[in-house]
Amino acid sequence: MIAHVHVDDAEAYEDYKRANAKPFAEFGARFLVRGGEQTQVEGQGHARTVVIEFPTIEAAHACYASAEYQAAKKLRDDISIADTVIVEGYDA
């Protein structure tokens, strides 16, 4: 799962992060990138990038669709703009 996010209210966004911890843990999510400094070198983007690894693409879809994650997402809907994709990983 990859998300590019613009956050209008950083304090309220912390509530979203606390709320998403349980469903992410339940579905085996592991953060590879969570915010951090970034440099936009091409195209348009948002100030925050998040990359989350799941054990399977099915787990990522199930997590996103879960009632618990959707409840957490509601906490960020009014205070952020996000472009989020679930994409199959690559094994080198």
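Got a sec? Which of ALA92, ALA67, ALA71, ALA62 is within 16 Å of MET1 (Cβ to Cβ) and either of a type in the set (A, V, I, L, M, F, W, C) or in contact with a Phe, Trp or Tyr (Cβ under 7 Å, 6 or more places away or on another chain) (or both)?
Working: ALA92 fails: within 16 Å of MET1 (Cβ to Cβ); ALA67 fails: within 16 Å of MET1 (Cβ to Cβ); ALA71 fails: within 16 Å of MET1 (Cβ to Cβ).
Just a single option satisfies the conditions, and that option is ALA62.
Answer yes or no as to whether GLU11 is in contact (Cβ under 8 Å) with a residue 24 or more places away in the chain and acidic (Asp, Glu).
Details: in contact (Cβ under 8 Å) with a residue 24 or more places away in the chain: no; acidic (Asp, Glu): yes.
Judged against the criteria, GLU11 is not a match.
If you go through segment 7-53 one residue at a time, how many are open to solvent by 70 Å² or more (accessible area, probe 1.4 Å), part of a strand (DSSP E or B) and modelled with pLDDT under 95?
1
Out of the residues in segment 57-83 that are assigned to a strand (DSSP E or B) and within 11 Å of the chain's Cα centre (by Cα), which is nearest to ASP9 (Cα to Cα)? I'd like the intermediate steps shown before the answer.
Applying the first criterion (assigned to a strand (DSSP E or B)) to segment 57-83 yields 80-83.
Those left that are additionally within 11 Å of the chain's Cα centre (by Cα): 82-83.
Working: ALA82: 13, ASP83: 17 Å.
Restricting to residues being assigned to a strand (DSSP E or B) and within 11 Å of the chain's Cα centre (by Cα), the top hit is ALA82.
The values are calculated or read from the model by the stated rules, or taken from the named source; none is laboratory data. Worth saying up front: this structure is predicted, and the values here are computed from it rather than measured. Cβ: placed from backbone, ideal geometry, glycine included. Neighbour counts: every protein chain shown. We work out accessible area using only protein heavy atoms, side chains counted, and drop any ligands, DNA or RNA first. Shrake-Rupley method; radii C 1.70, N 1.55, O 1.52, S 1.80 Å.
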